[in-house]
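The structure appears right after this line, and notes come after that.
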Amino acid sequence: MITHDYLITAAEGLHARPATNLIRLAKKYKSATSLKKGEKTVKLNSMLNILSLALKGGDTVTLIVEGEDETEAAAAIETFFKEELKHL
Amino acid sequence: MKGIGASPGIAIGKAVVVEKKRPRLTGVILQGKDEGQREVQRFEQAVTLAVTEVKQVIDTLAAHDGSTEVLEIQIELLQDEQILADVIEKITTEHRTANDAVMEVIAAAVATLHNLDDAYLRERAADVEEAGHRMLMELDPTLKPGNLIVGENTVLVGEDITPMDILSVDITKVIGLVTRTGGKTSHAAIVAKARGIPAVVGCGDALAAVKNDDTLIVDGSEGELVVNPTPEMLKEYTAKKKAFTRQADALNALKDTEAVTTDGVRVRLMANISNAADLEASFAFGAEGSGLLRTELLFMGRTTLPGEDEQFEFYKSVALQAKGKPVVVRTLDIGGDKPLPYLYLPAEQNPFLGYRAIRICLDRKDIFITQLRAILRASVFGDLKIMFPMISNVSEIEQAKVILEDVKGALRSTATPFNAAIEVGIMIEIPSAAIMADLLAGEVDFFSIGTNDLCQYTLAVDRMNEQVKHLYDPFNPGVLRLIQNVIEQGNKFHQHTGMCGEMAGDVTATLLLLGMGLREFSMSAASIPYVKNLIVNTSLTTAREICRTVMALRSTSAITQYLQDVTKP
């Protein structure tokens with residue numbers, strides 16, 4: 001299992017459009033992926049779940065990846081949080 | 001009642017109000033496992049159907065340049081694994097029908113989002129509700145807008161009129177559209193423009209007062225809606241409608257007329273397009289080819305760069321659609337203001353003054369070479385020309401041409417056919433280029449003036465900035481002098497000069513530009529008949545006279561006023 005904390009740097013948080021990209025990205029891998037903010041953990045397979053986390057700019061979110069391709073999946077999602085989210 | 005005019009013209013007809021039907025919970029408890037399994041199957045099938053339907057709408061909208069972002073989110077929500085899992089669990093463990101299960105799960109999700117402390121997320125509740133409604137309509141077809149019975153001269157009135165609503169009526173009897181929500185790019189606006197019927201959108205809550213069979217006057221040109229007009233108003237608008245139809249017919253009759261002034265000067269009127277479908281539509285307006293094919297759409301809305309073959313197919317489809325008419329292909333014009341996520345362009349302080357267009361292409365040669373190879377390979381299928389955007393000096397043209405020659409050499413070495421004599425031009429949109437048009441003229445086959453950027457760079461105005469956008473005006477005497485210089489230098493060096501900015505389709509500017517010596521105008525296709533109407537009714541002598549008068553005026557307002565006066569029919 002790989003876990004990693006990310007700071008949401010996009011001022012407007014994780015909106016529907018980037019959420020769509022994130023879900024599509026996570027679905028490419030076999031590993032189970034979830035996001036945790038505070039006490040709440042949701043699976044990274046649902047737009048509704050991500051929206052209900054209400055992630056805003058400045059929030060810290062924990063990514064949890066577990067499965068056979070967890071290294072690749074975690075790396076891809078890292079790129080998403082660190083690079084792509086700024087441009088979406 | 002005031003709204004936004006979304007499709008011009010005047011319609012006088014009877015209101016038919018399109019209402020969304022609300023489903024009701026049945027409270028039925030399923031008996032036995034088989035029924036549960038059947039409901040799960042019904043639900044899964046409904047989701048598949050709903051997704052297919054949304055995808056069809058996306059395709060329709062994409063062909064009309066409409067925004068599909070909202071619909072992409074719909075697809076994601078329709079396939080949301082949490083929603084799907086919750087619904088299936090409700091069916092199997094609580095023995096609810098698929099319809100009831102969907103309603104309850106969606107209601108719970110909507111409530112969750114409504115309770116969040118974030119205005120944006122609360123609005124997304126409407127998206128979830130819409131997705132739920134789509135599922136329910138597939139589960140219970142009686143909820144679909146239904147085949148509205150419409151008589152002759154129907155004006156559809158609704159929240160928004162979606163392409164799906166349109167499918168449910170006899171559209172040939174619909175003469176106008178009116179909606180409570182939406183703007184110029186809403187579903188209703190797109191549908192109305194495609195059908196050529198007047199539409200007023202965004203009328204607001206006042207629209208609730210409109211009942212079935214009310215007499216409505218829809219003035220799509222002015223964005224005005226009149227409910228149950230007085231006899232005087234009816235008379236007034238009937239006359240207006242006749243005048244509009246007469247004008248439209250006259251413009252339509254011009255479609256196959258050549259754009260020649262009364263003293264025999266030939267002008268080319270072309271369309272700005274984004275794909276082959278646009279080009280086909282532009283021929284209906286009498287376009288003689290395209291003076292600007294934007295290639296950005298090929299690169300947007302995706303996660304990787306489009307490959308050479310994919311680009312080749314795109315340019316080839318446009319070249320074939322052009323049926324021998326010229327098409328000017330502008331190479332990638334992208335920058336910090338419209339970034340491509342996969343290019344990882346850094347955020348910039350001043351994206352309009354930054355790393356964009358030809359500056360990216362000369363730096364990221366891989367992207368440039370792929371695009372040039374694809375355009376050249378497609379050049380055997382029609383009269384394609386290549387145009388480089390954002391040129392600010394001679395060196396950029398030289399570098400771009402060296403790369404182009406390298407690409408040609410590589411194609412030759414593999415015996416790949418292409419048009420070796422393909423014309424090469426540049427956009428004139430940076431003031432330095434406009435000022436030294438004489439130095440650039442010898443380097444290329446043609447110029448195309450991009451008035452939008454030229455105006456904003458010359459006047460140092462960001463036209464998206466509400467506080468200064470009033471300073472943005474292409475009729476500023478300084479901007480006009482730059483434009484005149486480009487046209488004169490282009491003509492002096494016997495290379496043709498076109499214009500593809502918004503000014504080219506602005507009828508107020510037509511005669512002035514003609515008088516300056518412009519002979520090629522590329523614009524949004526719908527403007528072509530209006531510009532042509534002016535050209536065929538004027539002589540070059542008059543146009544030159546107008547140009548001389550304008551160039552002696554000192555202020556933007558005096559120039560605009562004068563041009564409006566001389567342009568009036």
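The values are calculated or read from the model by the stated rules, or taken from the named source; none is laboratory data. Everything quoted here is computed from the prediction, not taken from an experiment. We place every Cβ from the backbone using ideal geometry, glycine too, and count neighbours over all the protein chains shown.
Screening the range B:266-300 for residues that are part of a loop (DSSP other than H, G, I, E, B) and among the charged types (D, E, K, R) and picking the one that is farthest from B:Tyr342 (Cα to Cα) gives B:Glu288.
Among the residues of the range B:339-346, are any closer than 29 Å to B:Ala277 by Cβ, buried (at least 20 other Cβ atoms within 10 Å of the Cβ) and more than 14 Å from chain A (Cβ to nearest Cβ)? Checked the range B:339-346: no residue is closer than 29 Å to B:Ala277 by Cβ, buried (at least 20 other Cβ atoms within 10 Å of the Cβ) and more than 14 Å from chain A (Cβ to nearest Cβ). The single condition among (1) surrounded by fewer than 21 Cβ atoms within 10 Å (Cβ to Cβ); (2) in contact with a Gly (Cβ under 9 Å, 6 or more places away or on another chain); (3) β-branched (Val, Ile, Thr) that B:Thr508 does not meet is (2). Out of the residues in the range B:407-426 that are assigned to a helix (DSSP H, G or I) and over 18 Å from B:Ile360 (Cα atoms), state the one that is farthest from the chain's Cα centre (by Cα). That would be B:Ser413. Of all residues in the range B:103-112, at least one satisfies being of a type outside the set (Val, Ile, Thr), farther than 16 Å from B:Val28 by Cβ and surrounded by 16 or more Cβ atoms within 10 Å (Cβ to Cβ).
Given the structure, is B:Ile360 away from chain A (no Cβ under 14 Å), in contact (Cβ under 8 Å) with a residue 40 or more places away in the chain and under 29 Å from B:Gly490 (Cβ atoms)? No, not satisfied. When you scan the range B:77-99, do you find a residue that is touching a Ser or Thr at 6+ places or on another chain (Cβ under 6 Å) and of a type in the set (Asp, Glu), even just one? Yes, because at least one residue in the range B:77-99 is touching a Ser or Thr at 6+ places or on another chain (Cβ under 6 Å) and of a type in the set (Asp, Glu). The lone criterion from (1) assigned to a loop (DSSP other than H, G, I, E, B); (2) buried (at least 18 other Cβ atoms within 10 Å of the Cβ) left unmet by B:Met387 is number (1). If a residue has to be basic (Lys, Arg), out of contact with any helix residue (DSSP H, G or I) (no Cβ under 7 Å at 6 or more places or on another chain) and surrounded by 13 or more Cβ atoms within 10 Å (Cβ to Cβ) to count, how many in the range A:28-58 make the cut? Here the count works out to 3. Is it true that B:Arg294 is assigned by TED's automatic domain parsing to the domain that holds B:Pro389, at pLDDT 95 or above, more than 30 Å from A:Lys82 (Cβ to Cβ) and basic (Lys, Arg)? Against the criterion (assigned by TED's automatic domain parsing to the domain that holds B:Pro389, at pLDDT 95 or above, more than 30 Å from A:Lys82 (Cβ to Cβ) and basic (Lys, Arg)), B:Arg294 does not qualify. Listed conditions (1) of a type in the set (A, V, I, L, M); (2) in a helix (DSSP H, G or I); (3) touching a Lys or Arg at 6+ places or on another chain (Cβ under 6 Å) are all met by B:Leu440, apart from (3).
Does the range B:70-93 contain any residue that is outside any helix (DSSP H, G or I), away from every other protein chain (no Cβ under 14 Å), modelled with pLDDT of 85 or more and surrounded by fewer than 22 Cβ atoms within 10 Å (Cβ to Cβ)? The answer is no, given that none of the residues of the range B:70-93 is outside any helix (DSSP H, G or I), away from every other protein chain (no Cβ under 14 Å), modelled with pLDDT of 85 or more and surrounded by fewer than 22 Cβ atoms within 10 Å (Cβ to Cβ).
Restricting attention to the range A:38-60 and to residues that are more than 12 Å from every other protein chain (Cβ to nearest Cβ) and modelled with pLDDT under 90, the residue that is farthest from B:Tyr342 (Cα to Cα) turns out to be A:Glu39.
Kindly check whether there is at least one residue in the range B:132-142 that is within 12 Å of another protein chain (Cβ to nearest Cβ) and either surrounded by 22 or more Cβ atoms within 10 Å (Cβ to Cβ) or modelled with pLDDT of 90 or more (or both). Yes, there is a match, as at least one residue in the range B:132-142 is within 12 Å of another protein chain (Cβ to nearest Cβ) and either surrounded by 22 or more Cβ atoms within 10 Å (Cβ to Cβ) or modelled with pLDDT of 90 or more (or both).
If we scan the range A:6-21, do we find a residue that is out of contact with any His (no Cβ under 7 Å at 6 or more places or on another chain), among the basic types (Lys, Arg), within 11 Å of chain B (Cβ to nearest Cβ) and touching a residue at least 60 places away in the same chain (Cβ under 8 Å)? The answer is yes; a qualifying residue exists.
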